[in-house]
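Accompanying notes for the structure given below.
Taken together, the values in this text are just the output of simple stated rules run on the coordinates, not laboratory data. The shown structure was predicted, so the numbers you read here are calculated from the model rather than taken from an experiment. A quick note on method: Cβ atoms are made from the backbone with ideal geometry, for glycine too, and the neighbour counts reach across all protein chains shown.
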């Protein structure tokens with residue numbers, strides 16, 4: 001299971017991405033009736049998209065027998081398209097993907113812009129147009145106190161924050177409820193009585209919590225190792241293939257722009273490093289070590305806190321179904337943490353994020369979402385301190401409940417009962 | 001020497017008094033019965049002996065000294081509700097419990113092999129507990145209880161769930177341990193086993209110790225001085241002998257065998273009765289009826305005092 005899970009999780013994350021990006025994989029051929037006489041032979045196709053220009057007379061025939069003619073859709077552009085954006089329509093038998101229609105839309109918009117500019121009678125219009133073509137990708141640069149600049153990639157950071165915040169939530173819940181289940185099992189098959197004739201109840205409770213933690217951490221370490229392996233393999237693969245993709249694309253555009261070979265290879269190299277993929281990997285590698293370090297600390301803290309509460313709940317009931325009611329006050333802060341986290345990775349430094357990353361019950365999740373954004377270290381230390389201090393209290397309280405609860409059968413335990421146990425124990 | 005002593009132990013749970021100033025003394029090397037109706041407080045007392053819970057007031061002593069947590073290594077406890085980890089293998093689990101009690105790995109292994117062979121259950125070593133039947137699991141649990149050869153063994157309803165053969169096996173083992181000098185406390189509703197095995201008993205009712213002492217003495221003290229005469233003959237054959245001198249308690253006839261119960265006065269010996277009856281009928285059986293523990297239990301718990309000779313508290 002330990003080995004399978006990261007593979008499954010990886011698959012779960014990658015596969016939808018691949019499927020989404022695959023998009024329209026089939027070759028599409030579009031018949032164009034250009035009544036405005038602007039677009040003929042100018043619409044840009046690619047390996048998957050081609051245009052064939054037909055006349056008005058051929059239109060009805062195409063409309064009725066699209067598939068026989070070998071086209072997937074018919075684009076009819078009316079004369080007034082320059083002034084009326086709605087003057088074009090696409091006919092098809094099957095649904096047209098958003099990707100396709102927006103591609104054509106932007107293509108047409110560019111061409112219409114060009115047409116409109118022609119009316120201004122600019123000299124050397126074609127050359128000017130070529131030079132004006134640009135695409136912008138924003139560089140995000142972080143300034144720290146010394147004025148040092150560091151390139152960042154906000155999107156990636158958000159992604160990291162999200163992943164780790166979510167991981168924290170999952171792990172705490174997963175291992176915490178494992179503790180609870182173990183306690184209930186021991187109680188329901190009565191082995192607990194035999195064991196506590198040899199050891200103190202708190203030893204049993206702590207033993208269980210630490211034992212599950214050890215298993216959890218071992219699994220986690222294995223996942224890290226596996227992930228690092230997959231990461232480095234995929235890094236070289238993806239970046240390399242990105243490079244080759246980049247090369248193909250640049251080749252095409254360069255040929256069209258009439259550039260020579262030298263300029264081409266320069267461009268390819270520069271683009272690859274600068275590419276989105278390259279930047280992503282750079283950001284991740286830079287920040288990952290401290291993030292993992294804090295993750296372990298907060299995971300241990302959050303887990304200890306919640307698992308002692310889970311153990312107390314487990315000791316108070318006779319079987320798993322009865323836990324629903326008592327679980328509520330434990331699951332609430334966890335879910336609250338998740339919800340604040342959604343806000344946090346867009347606003348890592350808001351006061352809402354700050355406070356919830358300090359309050360012990362929500363801090364593991366919210367703080368994990370803040371850490372990738374390189375917040376001040378003192379805040380992290382404070383949060384850790386408060387968390388671990390709270391853990392002592394919760395273990396002390398839970399031990400009292402545990403000690404009485406594990407020998408109590410049949411009574412449906414309410415919170416009032418549990419308070420009685422605490423006072424009495 | 002007392003292996004265990006409780007002095008005026010009081011234990012209160014949140015809304016209920018479980019033990020009301022209970023005192024008990026368990027002599028070493030004997031088998032001690034802890035009796036009482038359900039809910040009387042026996043299990044609470046047992047848990048206190050096992051250091052599972054602590055008394056609210058009162059003192060407990062183990063081998064003459066005030067009891068401490070570490071004394072549990074000298075105690076073995078088989079709870080009434082049997083419990084083992086279902087998904088764990090038998091051998092592995094037995095090793096775990098043995099080591100919990102302080103045995104080394106190699107010592108545990110050695111002893112387990114011995115016991116598994118003795119009980120002829122070697123085949124179960126690698127089976128998961130959930131694959132065993134109830135009786136089988138109890139055998140395993142019994143072994144884990146006594147594996148560290150504790151000086152004091154406590155069994156709560158040990159015979160429940162055992163078929164006659166296994167029950168006999170268990171009895172033999174208990175007697176073996178007694179011979180070796182171990183002390184055994186067992187709590188049960190099975191009065192026959194109490195009569196067979198126990199030397200001393202304590203009866204707990206409604207959180208109090210209502211009867212304590214040596215079993216023979218108790219039975220005799222609850223005796224009504226009733227004698228039973230079995231003879232071949234007809235009903236009423238000795239009526240004229242008894243009339244005026246002896247009190248007839250009951251008379252039954254079965255297939256020519258008559259069983260008559262006669263109550264004598266306190267201290268009145270039985271021999272003259274036999275002598276008086278002998279010339280008249282063929283006597284096949286003559287015995288003093290000592291009340292069964294079953295009867296005593298019922299009488300004490302139901303509080304009947306009518307025909308009971310009140311017994312003082314015997315403590316040894």
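So what is the relative contact order for region B:212-296, in percent, with contacts set as C-alpha pairs under 8 Å and at least six apart?
Relative contact order, region B:212-296: 45 percent.
Under 1.5 on a/c is rounded, so check that first for region A:339-389, then, if it is not, pick prolate when a/b is larger than b/c and oblate when it is not; a ≥ b ≥ c are the square roots of the alpha carbon gyration tensor eigenvalues.
oblate
How do B:180, B:255, B:118 line up, fewest other C-beta atoms within 10 Å first?
Ascending Cβ contact count within 10 Å gives the list B:255, B:180, B:118.
Given the DSSP H assignment, sum -39500 (n - 2.57) over each helix run of at least 4 residues in chain B and divide by its residue total; what's the result at 222 nm in deg cm²/dmol, nearest 500?
Helix contribution divided over all residues of chain B: -9000 deg cm²/dmol.
Using the 10 angstrom Cβ neighbour count as an exposure proxy, how do B:22, A:340 rank, fewest first?
So the residues, fewest neighbours to most, are A:340, B:22.
Kindly give the semi-axes, whole Å and largest first, of the ellipsoid equivalent to region B:234-282, taking each as the square root of 5 times a Cα gyration tensor eigenvalue.
19, 12, 9
Just check region B:1-135 against the gyration tensor rule for me: Cα atoms, a ≥ b ≥ c as the square roots of the eigenvalues, rounded for a/c under 1.5, and otherwise prolate or oblate depending on whether a/b exceeds b/c.
Prolate, since a/c reaches 1.5 and a/b exceeds b/c.
I'd like the mean, over residues of B:75-86, of how many other protein chain beta carbons sit within 10 Å of each residue's own Cβ.
Averaged over the peptide's residues, the number is 5.
From the Cα gyration tensor of chain B, with a ≥ b ≥ c the square roots of its eigenvalues, which class applies: rounded if a/c is under 1.5, or else prolate if a/b is larger than b/c, or else oblate?
prolate
Show me the ranking of peptides A:39-46, A:55-62 by mean Cβ neighbours inside 10 Å, starting with the highest.
Descending mean neighbour count gives A:39-46, A:55-62.
Have a look at B:44, B:53, B:117 and tell me which one the Gaussian network model of chain B (Cα, springs below 10 Å) gives the largest fluctuation.
Between B:44, B:53, B:117, it is B:117 that shows the largest mean-square fluctuation.
If each residue's Cβ is checked for other Cβ atoms within 10 Å, how do B:148, B:280 rank with the fewest at the top?
B:280, B:148
Using Stokes-Einstein with the Kirkwood hydrodynamic radius over Cα pairs, what translational diffusion coefficient do you get for region A:291-369 at 4 °C and a viscosity of 1.567 mPa s, in µm²/s rounded to a whole number?
Estimated via Stokes-Einstein, D reaches 97 µm²/s.
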